[in-house]
Structure formats: C-alpha cells, structure tokens
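The values are calculated or read from the model by the stated rules, or taken from the named source; none is laboratory data. Remember, predicted model here, so these are calculated numbers, not experimental data. For neighbour counting, all protein chains shown are included, and Cβ atoms are generated from backbone atoms with ideal geometry for every residue, glycine included.
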C-alpha cells in the first residue's frame, strides 16, 4: 500500500456454487475470481482486460460489494469495504460509483432523466431543496452533453449513446472519487464510442476521478488507461504501464491478445498468434499455470506449478515461469 493508493484489492476470490443434481453429491464451484490483487492509484485509469468470462465484471462488482466475496479484502482509502456496517457502507457508496455496460437495461424506464440522475442526490441528501437538486441535475446533464431541457424525458426517448451519457451523469451526481466503468462502450455504435471515451477523459480531469476501466477491446484500453491488468480464468497474469505493456508484452496470453489487434497500415506485418482450443472451464481450472493448455511457449514446469505474479521489471508484473 502506498500513500497514493485509493483502492487496494487483496487476494480477492469469488466462487459461485452450481447444483449438479440430487444424486451428484457436493455442488460444483465456479472459480470466477481466484486470488486477484492490485492497487489503484488516485487519479489514474487502470484498464482491466481479458476474454469474456475471465472474471473482469465480477471483480468490479465485488469491489463495490454488489455481490459478496468468498475471500479476500478490498480497502478504500484504508477502510475495509467487506467489514463495513450498513451505515458505513452507505457513506462509502457515495464515493464509489459504477457505469454499467448496457445503457438500455441499466436505466429505469418508468423514471424521467431528472429522477434517474437525481436519485443518488436524494438518497445521500446532497441538496436541501428540490430547486437546488434540479439545478444540480441540469448542470450534470450539460457536462455530459445532454440539453437540460430534456430532463423530463424518459430513457426510451434517447439513443444508446445518450442513455450512456445519462448513466455517466448519474454516477457523477454524488461526487464520487472512484468510478468503475464496466465495458461502458461495448453496446454502442463505433461512431459513438470515441465520443464517450473522450467525455470520460474530460470528466476525469474536471472532477479528479479515478477509473477502473473494464473492457475487452484492447485498442480502447490503450487509449484511455495509464496501466493495464490482463486477466485470464479468474487471475491477473500481467500488470504494467500501458505503453510498456503494449510495446513489450511478456506473458504469452498478452502477446496473443495484442497480435489480434488490426493494424491500420497494410505495409506493417505482425505475427498472428492463434491460441489452441477453448478456455478451460472455471469449474475445474487446470493445475499449474492456468494458461498452459493453450500456451505456445509451455514446458514441463507449467503443467505442475502455478506461477506467482512477480515484478520482473520496474512496475511490470507477470505471472509466468519464463521470467
């Protein structure tokens, strides 16, 4: 833990039980998140990337305590979120917010935009009068690029990009310090994605926000992130500064992901790494290194011994026996 750390995640685990049937004995467990640790520094953006089902979104929800963890701890400004009582948790939630992936299902269709954005203001009693709250909502909508005159409309009257802007305004309404952006542009048209990314960057500078940016699009993550953490099957396999990771990937999985990014210049050639097979089941993850079943650089040790996440270069952490 450093003085600049806003959030510390320590050995975070989440196992979901699955019933196998009456005659099958003990229920199986899905190892969705299995020992994740990292620090999030004040004012930075940490990108969390990986294939679908690797545990990215579950990690974000565990940090906010939207779901309860199986083990581990999360410290926000030195306070354990998992040990916080009901009243203490409410105060913490004001400082931690989330932007959901789907702008179509994350907004209540029976509430107006004014009610959606102002709900957190009411809950946390941030404005004394209705007029003050309405002015606050109008100001937030303007900051995210929506006319305050539209605050009486309902979500179905907006496009997907506009709805996501409403979701961003809702997250900002309670003056948070940390925002977890859970794939906030994946459901949007490509033409809108860059606008939303630029908006998030502008708001970060304006409000001194810290982001955990969850995504699977490595090009977007490179653009917005200061550091990047790569997840595979419930574990972080590489963590480094964004420029360092994209210029010098060390883990074979990271190399494979980066090799799949299209290059605009047709004269530039890149060796494409094709991964073997499908990701193993999180119900029964492989022994040793979890990536060894698909790795093009595996050797005998990988099958038997799980590599630790180690700092092999300054600020560059890798979980691989090659280092």
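One line per residue, one yes/no per condition, for (1) over 30 Å from residue 307 (Cα atoms); (2) in contact (Cβ under 8 Å) with a residue 40 or more places away in the chain:
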{"residue": "126", "(1), (2)": "yes, yes"}
{"residue": "148", "(1), (2)": "yes, no"}
{"residue": "152", "(1), (2)": "yes, yes"}
{"residue": "167", "(1), (2)": "yes, yes"}
{"residue": "179", "(1), (2)": "yes, yes"}
{"residue": "207", "(1), (2)": "yes, no"}
{"residue": "212", "(1), (2)": "no, yes"}
{"residue": "215", "(1), (2)": "no, yes"}
Quiz item: Residues of the range 79-109 being touching a residue at least 40 places away in the same chain (Cβ under 8 Å) and more than 17 Å from the chain's Cα centre (by Cα), which ones?
Solution: 94, 104, 107, 108, 109
Quiz item: Could we say that residue 263 is surrounded by fewer than 16 Cβ atoms within 10 Å (Cβ to Cβ), under 24 Å from residue 223 (Cβ atoms) and out of contact with any helix residue (DSSP H, G or I) (no Cβ under 7 Å at 6 or more places or on another chain) here?
Solution: yes
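Can you tell which of 178, 199, 203, 188 is under 20 Å from residue 47 (Cα atoms) and in contact with a strand residue (DSSP E or B) (Cβ under 8 Å, 6 or more places away or on another chain)?
After applying the criteria, what remains is 178.
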Self-check item: Residue match in the range 32-51 (condition: out of contact with any strand residue (DSSP E or B) (no Cβ under 8 Å at 6 or more places or on another chain) and farther than 20 Å from residue 92 by Cβ)
Solution: no
Quiz item: If residue 222 passes every condition in (1) in a helix (DSSP H, G or I); (2) in contact with a strand residue (DSSP E or B) (Cβ under 8 Å, 6 or more places away or on another chain); (3) crowded, with 18+ Cβ neighbours inside 10 Å but one, which one does it miss?
Solution: (3)
Exercise. Confirm whether residue 213 is modelled with pLDDT of 90 or more and crowded, with 18+ Cβ neighbours inside 10 Å.
Key: yes
Quiz item: In the range 264-281, is there at least one residue being touching a strand residue (DSSP E or B) at 6+ places or on another chain (Cβ under 9 Å) and either at pLDDT 95 or above or farther than 21 Å from residue 45 by Cβ (or both)?
Solution: yes
Quiz item: Considering the range 46-78 alone, what residues qualify as being part of a loop (DSSP other than H, G, I, E, B), free of Cβ contacts under 8 Å to residues at least 60 places away in the same chain and buried (at least 18 other Cβ atoms within 10 Å of the Cβ)?
Solution: 69
Exercise. State the number of residues belonging to the range 288-311 that are loosely packed, with under 15 Cβ neighbours inside 10 Å and at pLDDT 90 or above.
Key: 10
Quiz item: Of the residues 35, 25, 55, 72, which single one is farther than 26 Å from residue 206 by Cβ and modelled with pLDDT under 90?
Solution: 25
Quiz item: Taking the range 236-251 as the region of interest, how many residues are surrounded by 24 or more Cβ atoms within 10 Å (Cβ to Cβ) and not in a strand (DSSP E or B)?
Solution: 2
Practice problem: Determine which single condition residue 175 fails, assuming it passes every other condition in (1) more than 13 Å from residue 99 (Cα to Cα); (2) part of a helix (DSSP H, G or I); (3) touching a residue at least 24 places away in the same chain (Cβ under 8 Å). | Solution: (2)
Exercise. Determine whether the range 191-204 contains at least one residue that is part of a loop (DSSP other than H, G, I, E, B) and surrounded by fewer than 22 Cβ atoms within 10 Å (Cβ to Cβ).
Key: no
Quiz item: Pick from the range 100-116 the residues that are at pLDDT 95 or above and surrounded by 16 or more Cβ atoms within 10 Å (Cβ to Cβ): which of them is nearest to residue 80 (Cα to Cα)?
Solution: 116
